[in-house]
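The values are calculated or read from the model by the stated rules, or taken from the named source; none is laboratory data. In this text, all values refer to a predicted model and were calculated from it rather than measured experimentally. Every residue, glycine among them, receives a Cβ derived from its backbone with ideal geometry; neighbour counts consider all protein chains shown.
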DNA sequence: TACAAAAGTTAGCTTTGGCTAAATTTTGTA
DNA sequence: TACAAAATTTAGCCAAAGCTAACTTTTGTA
Ligand SMILES: [Mn+2]
Ligand SMILES: [Mn+2]
Ligand SMILES: [Mn+2]
Ligand SMILES: [Mn+2]
């Protein structure tokens with residue numbers, strides 16, 4: 001149990017900073033990702049995505065949703081005529097699909113590892129935004145391996 | 001490969017909202033946790049934690065650090081006389097220790113799983129704030145199991 | 001088909017955590 | 001020991017994302 005010094009203290013300031021910077025960057029895309037993912041789910045579930053339901057499932061108020069949807073419009077991810085329900089653009093659909101896949105990989109991985117379904121869903125909502133391609137690939141491989149065994 | 005419907009679409013609005021709410025809550029404690037953890041590291045490494053180094057290792061400017069340190073003071077986690085370096089209160093030390101342990105568990109888990117050391121450190125910086133006690137315990141158990149085998 | 005309830009929007013406030021510019025204090029060195 | 005450089009702080013700006021209150025539009029139903 002000797003300390004190999006392979007810990008945070010052995011990292012250069014720059015290396016350490018790049019980790020914190022990545023977290024801040026991830027948090028900037030997080031809202032958009034969760035919205036398009038949820039919109040895709042609601043369309044699949046109900047045939048339409050309405051702001052009132054987005055608000056309910058995110059646990060925020062309707063004005064918050066209304067304001068954030070404007071950002072998604074600006075970014076070309078959704079289409080919405082005033083007072084009507086929401087559609088995804090092609091770009092929005094693609095982002096939503098990528099987010100749903102990533103979310104699914106994280107949840108399935110946690111479950112394969114032994115975490116309960118409820119907690120897996122709960123934790124995945126945050127974890128999904130901080131998983132690099134490399135880590136995601138490792139998660140996916142682990143889940144597939146477990147499924148075979 | 002039939003879909004068991006054990007997916008996001010089968011969850012109640014309330015269940016789904018509680019996940020998003022947990023993420024927002026985690027993000028509120030994140031800054032404080034990263035600061036005390038880093039301060040503890042710098043004290044161990046250099047005998048002192050100076051704002052200029054905190055700024056460098058977080059990748060933010062010195063005024064940002066100065067402002068955020070005031071929050072840590074208000075919350076009773078650090079002590080600092082003006083223009084002097086930073087000490088942790090007993091409460092700050094305890095929080096730092098808990099954060100370092102959690103960080104270490106997440107990094108070691110990712111490495112045990114097959115993620116490279118660099119990417120493990122990188123991803124852990126964000127993931128650590130979104131891991132419930134249950135998931136953390138599963139991570140820890142997995143790492144210990146791997147160490148034996 | 002009127003009209004109340006529900007949904008959506010707008011306006012405006014708050015907090016958080018970034019930033020730059022400039023002032024102050026400490027530190028290191030000629 | 002003077003003084004330049006470095007560190008720290010203060011002041012003030014900004015954007016993001018939450019909120020409430022109030023307004024507008026749509027929907028459902030008596
Ligand atoms: Mn999420
Ligand atoms: Mn998600
Ligand atoms: Mn996060
Ligand atoms: Mn962190």
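May I ask you to list the residues in segment B:41-50 that are within 13 Å of chain A (Cβ to nearest Cβ), touching a helix residue (DSSP H, G or I) at 6+ places or on another chain (Cβ under 8 Å) and exposed (fewer than 15 other Cβ atoms within 10 Å of the Cβ)? Please lay out each step first, then the result.
Pass one, segment B:41-50, residues within 13 Å of chain A (Cβ to nearest Cβ): B:41-47, B:49-50.
Of the ones still in play, those that are also touching a helix residue (DSSP H, G or I) at 6+ places or on another chain (Cβ under 8 Å) are B:41-42, B:44-46, B:49-50.
Scanning segment B:41-50 gives B:44, B:45, B:46.
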Task: Sole residue being more than 16 Å from ligand 4 (Cβ to nearest atom), out of contact with any strand residue (DSSP E or B) (no Cβ under 7 Å at 6 or more places or on another chain) and more than 8 Å from chain B (Cβ to nearest Cβ), chosen from A:94, A:53, A:125, A:118 - done: A:94
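So, residue B:75, is that one within 16 Å of DNA strand C (Cβ to nearest atom) and either more than 12 Å from chain A (Cβ to nearest Cβ) or touching a strand residue (DSSP E or B) at 6+ places or on another chain (Cβ under 8 Å) (or both) or not? Even if it seems obvious, please write down each step before you answer.
On the way: within 16 Å of DNA strand C (Cβ to nearest atom): yes; either more than 12 Å from chain A (Cβ to nearest Cβ) or touching a strand residue (DSSP E or B) at 6+ places or on another chain (Cβ under 8 Å) (or both): yes.
Yes: the conditions hold for residue B:75.
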TODO: For segment A:4-18, indicate whether the set of residues that are away from ligand 2 (no atom under 16 Å from the Cβ) and in contact (Cβ under 8 Å) with a residue 40 or more places away in the chain is non-empty.
DONE: no
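In this structure, is residue A:8 under 21 Å from residue B:99 (Cα atoms), within 16 Å of ligand 4 (Cβ to nearest atom) and modelled with pLDDT under 95? It would help to see each step written out before you state the result.
Working: under 21 Å from residue B:99 (Cα atoms): yes; within 16 Å of ligand 4 (Cβ to nearest atom): yes; modelled with pLDDT under 95: yes.
Yes; evaluated as a whole, the condition is true for this residue.
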Open item on the list: Looking at the structure I just gave you, is residue A:41 within 16 Å of ligand 4 (Cβ to nearest atom), part of a helix (DSSP H, G or I) and within 29 Å of residue B:126 (Cα to Cα)?
Closed with: no
TODO: With respect to residue A:60, determine if the residue is within 11 Å of DNA strand D (Cβ to nearest atom) and either facing chain B (nearest Cβ under 9 Å) or within 29 Å of residue B:34 (Cα to Cα) (or both).
DONE: yes
Open item on the list: Among the listed residues A:95, A:69, identify the single one that is away from ligand 1 (no atom under 15 Å from the Cβ) and touching a helix residue (DSSP H, G or I) at 6+ places or on another chain (Cβ under 9 Å).
Closed with: A:69
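Condition check: touching a residue at least 24 places away in the same chain (Cβ under 8 Å), surrounded by fewer than 14 Cβ atoms within 10 Å (Cβ to Cβ), within 26 Å of residue A:127 (Cα to Cα) and within 14 Å of chain A (Cβ to nearest Cβ). Does residue B:147 satisfy that? If you could, list the steps in order and put the result at the bottom.
Working: touching a residue at least 24 places away in the same chain (Cβ under 8 Å): yes; surrounded by fewer than 14 Cβ atoms within 10 Å (Cβ to Cβ): yes; within 26 Å of residue A:127 (Cα to Cα): yes; within 14 Å of chain A (Cβ to nearest Cβ): yes.
Yes: the conditions hold for residue B:147.
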- [ ] For segment A:28-42, name all the residues that are more than 10 Å from the chain's Cα centre (by Cα) and within 13 Å of DNA strand C (Cβ to nearest atom).
- [x] A:28, A:39, A:42
Open item on the list: Take residue A:10 and tell me if it is closer than 30 Å to residue B:138 by Cβ, surrounded by fewer than 20 Cβ atoms within 10 Å (Cβ to Cβ) and more than 7 Å from every other protein chain (Cβ to nearest Cβ).
Closed with: yes
Task: Single unsatisfied condition, residue B:127 versus (1) more than 19 Å from residue A:107 (Cα to Cα); (2) surrounded by 22 or more Cβ atoms within 10 Å (Cβ to Cβ) - done: (1)
Task: Filter result (farther than 18 Å from residue B:122 by Cα and within 14 Å of ligand 1 (Cβ to nearest atom)) within segment A:111-137 - done: A:120, A:121, A:122, A:123, A:125
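Select from segment B:104-115 the residues that are crowded, with 21+ Cβ neighbours inside 10 Å and at the interface with chain A (Cβ under 7 Å from one of its Cβ atoms) and list them in ascending order. Spell out how you get there, then give the answer.
Just the residues of segment B:104-115 that are crowded, with 21+ Cβ neighbours inside 10 Å, to begin with: B:106-110, B:115.
Once the filter is applied, which keeps residues that are crowded, with 21+ Cβ neighbours inside 10 Å and at the interface with chain A (Cβ under 7 Å from one of its Cβ atoms), segment B:104-115 yields B:110, B:115.
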TODO: All but one of (1) within 16 Å of ligand 4 (Cβ to nearest atom); (2) touching a residue at least 24 places away in the same chain (Cβ under 8 Å) hold for residue A:135, so report the exception by its number.
DONE: (2)
Open item on the list: Among the residues of segment A:41-64, what is the count of those that are away from ligand 2 (no atom under 16 Å from the Cβ) and over 20 Å from residue A:100 (Cα atoms)?
Closed with: 5
